[in-house]
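**Student:** This is the structure, below, for whatever I ask next.
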Amino acid sequence: MSTQLSFDQVSGHGLTERDFGPVKDLIDEVRRRESVVNAVVTWQNAFTIFRRLEQRLGLPESSREQTVYLAIVSDLRCAGYWLLEFLATQSTPFNSTEAGISLAALRACLTQLEVDDRAVFLPEDQGAMDRLKAHFA
Amino acid sequence: MSPGLEALVKLYAEMHQAAADQQDVYLSRLKTECEIHAKATGLYWKDVEAFVKRTYFAGLAGESRRQGRPKES
């Protein structure tokens, strides 16, 4: 459900479209920021759901499972980096309290998604696996 | 499992179950620890963390098997 009021909804209070002229830019800015916050919250939810599913199902084993897992990781990472870049280049600094996550935490989530890739491919790197096993033996 | 790896797995478990907005706090601690082992092995810290992650999930899978819960498909 949209929380935005249309002109028709507010015009019943004796206001005309001309009255909104001076604050039109402000209204547009508020709507734009609302969209950004929604995008960040949606991304956070997707990341949290991915982690919960991973906890429940474990790491992918078969080739098919790996394909699906890596596709989800890639999508999350791609959208996350796009958001990070967008937020970092905003003229108005991103207010993390609005979206419930700081840029540092968002960046850390993205770093973790890079480790997720490595965790899937690590067994194929026999040299690294052997070194790590020997080190932690 | 060596005590060093056990400590890393414990830290990883905490981070994995923490909320998204807490990831930077946990990652900073885990990265510092992984870098120590990365230096010793000549690997990148993310490879060490990937190994820790695999160990964590292997432990979870083992626990499920012990409790008689098959992996969900």
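**Student:** Considering only residues that are in contact with a Gly (Cβ under 8 Å, 6 or more places away or on another chain) and over 24 Å from B:Glu6 (Cβ atoms), which ones fall in the stretch A:101-137? Before the answer, list the steps.
**Tutor:** Our first condition is that a residue be in contact with a Gly (Cβ under 8 Å, 6 or more places away or on another chain); within the stretch A:101-137, this holds for A:106, A:109-110, A:113, A:131, A:136.
The answer is A:Leu106, A:Cys109, A:Leu110, A:Leu113.
**Student:** Considering only the stretch A:94-125, state which residues are acidic (Asp, Glu), loosely packed, with under 15 Cβ neighbours inside 10 Å and without any contact (Cβ under 8 Å) to a residue 24 or more places away in the chain. Before you say what the answer is, go through the steps one by one.
**Tutor:** To start, the set of residues in the stretch A:94-125 that are acidic (Asp, Glu) comprises A:98, A:114, A:116-117, A:124-125.
Now restrict to residues that are loosely packed, with under 15 Cβ neighbours inside 10 Å: A:98, A:114, A:124.
Residue satisfying the conditions is A:Glu124 alone.
**Student:** Within the stretch B:25-49, how many residues turn out to be within 9 Å of chain A (Cβ to nearest Cβ) and over 18 Å from B:Lys10 (Cα atoms)?
**Tutor:** Result for the stretch B:25-49: 5.
Rundown of residues vs (1) outside any helix (DSSP H, G or I); (2) aromatic (Phe, Trp, Tyr); (3) at the interface with chain B (Cβ under 7 Å from one of its Cβ atoms), yes/no style:
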{"position": "A:Gln90", "(1), (2), (3)": "yes, no, no"}
{"position": "A:Glu98", "(1), (2), (3)": "no, no, no"}
{"position": "A:Leu106", "(1), (2), (3)": "no, no, no"}
{"position": "A:Leu113", "(1), (2), (3)": "no, no, no"}
{"position": "A:Arg118", "(1), (2), (3)": "no, no, yes"}
{"position": "A:Asp130", "(1), (2), (3)": "no, no, no"}
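**Student:** Taking the stretch B:43-58 as the region of interest, how many residues are surrounded by fewer than 19 Cβ atoms within 10 Å (Cβ to Cβ) and part of a loop (DSSP other than H, G, I, E, B)?
**Tutor:** Qualifying residue count, the stretch B:43-58: 1.
**Student:** Looking for something small (Gly, Ala, Ser) and either in contact with a strand residue (DSSP E or B) (Cβ under 8 Å, 6 or more places away or on another chain) or over 26 Å from B:Glu33 (Cα atoms) (or both) - is there at least one such residue anywhere in the stretch A:100-123? Outline the logic, then answer.
**Tutor:** Of the residues in the stretch A:100-123, the ones small (Gly, Ala, Ser) are A:100, A:102, A:104-105, A:108, A:119.
Now narrow it down to the ones that are either in contact with a strand residue (DSSP E or B) (Cβ under 8 Å, 6 or more places away or on another chain) or over 26 Å from B:Glu33 (Cα atoms) (or both): A:100.
Yes.
**Student:** Tell me, which residue of the stretch A:55-76 that is in contact (Cβ under 8 Å) with a residue 40 or more places away in the chain and not in a loop (DSSP other than H, G, I, E, B) is farthest from B:Met15 (Cα to Cα)?
**Tutor:** So in the stretch A:55-76, the residues in contact (Cβ under 8 Å) with a residue 40 or more places away in the chain come out as A:59-60, A:66, A:69-70, A:73.
Adding the requirement that they be not in a loop (DSSP other than H, G, I, E, B) leaves A:66, A:69-70, A:73.
Values: A:Gln66: 22, A:Tyr69: 20, A:Leu70: 20, A:Val73: 17 Å.
This residue is A:Gln66.
Every read-out reported here was derived from the displayed coordinates using simple, explicitly stated rules and does not represent laboratory data. Since the model is a prediction, treat every value here as computed from it, not as a measurement. For neighbour counting, all protein chains shown are included, and Cβ atoms are generated from backbone atoms with ideal geometry for every residue, glycine included.
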